[in-house]
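Below: one structure, written as structure tokens.
What follows draws every value from the coordinates through simple rules; no lab data is involved. Quantities reported herein were computed from a predicted structural model and do not represent experimental measurements. FYI the Cβ positions are ideal-geometry reconstructions off the backbone, even for glycines, and counts take in every protein chain you see.
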Ligand code: DX5
Ligand code: ZN
């Protein structure tokens, strides 16, 4: 049995009191913090850069899971690594052959993640999973928080989980977009290890209850 992890997406935090939001994540003992970086090109929105990541790194010892929604992510591996990222994820849609970039991240001592959009076939990423620490399955079209979960990603998670188990890989599966208490159990049953939760975490009436609910979920084996 593997216990699920929760990674609040800071994009949905109240930036006017960012330090308090981070401290609350710490005291709730969330597992990771998910940081969404958008360039206004790969996705139709702009978020924040290495400066804010570094500010967050100074506020907490939490594992920083940096999701690059950028057209040229490799240009920014170094700045985000220096800012305090522990894991850097980029998208297969911008690098159909992502192996070289996985190697660059490994050389930097950085954990690596590969992501795919809802419209991208899971078969496109399977051959590369052995080179990555994480597969990030997008369950909304990236760019904005607060969108509805796209149900058709469930079979993609199941396919990735079968592949990872069959080949005895250590690659973790993370889900991102539209996750809330009503679908958390289902995605874990499909094979997810880490749940990114943005608006449903920061908008929750009881963040502690949500955190404990997610952390109590277990998947087989
Ligand atoms: C979407 C981002 C997500 C987003 C999740 O482009 O990658 O991480 O912040 O937010 P919710 O949980 O609100 O869908
Ligand atoms: Zn994200």
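Points to keep in mind about this one:
- From least to most packed, judged by other beta carbons within 10 angstrom and beginning with the fewest, 91, 34 follow the order 91, 34.
- Extension gain, residue 123-residue 213: 0.36 nm per intervening residue step, less the Cα-Cα distance, totals 29.3 nm.
- Pairwise label distance in nanometres, residue 108 with residue 26, each label 7 Å out on the Cα-Cβ vector: 2.5 nm
- Average Cα contact separation per residue, segment 1-156, under 8 Å, 6 or more apart, as relative contact order %: 17 percent
- For the chain: rounded, prolate or oblate by the Cα gyration tensor [a/c cutoff 1.5]: rounded
- Gaussian network model of the chain, Cα within-10 Å springs - most flexible of 68, 195, 105: 105
- Pair residue 2, residue 189: separation of 7 Å Cα→Cβ label points (nm): 1.9 nm
- A straight chain from residue 205 to residue 18 at 0.36 nm per residue would run longer than the Cα-Cα distance by 65.5 nm.
- Sorted peptide list for 159-168, 79-88, criterion being average Cβ within 10 angstrom, highest first: 79-88, 159-168
- Taking 7 Å steps out from each Cα toward its Cβ at residue 46 and residue 100 produces label points 2.9 nm apart.
- Förster radius 35 Å - calculated FRET efficiency between residue 158 and residue 60 (Cβ-Cβ, nearest 0.05): 0.55
- Rounded to 5, the percent of DSSP beta bridges in segment 2-219 classed as antiparallel: 10 percent
- Stretched out straight at 0.36 nm per residue, the stretch from residue 130 to residue 181 would grow longer than its current Cα-Cα span by 15.3 nm.
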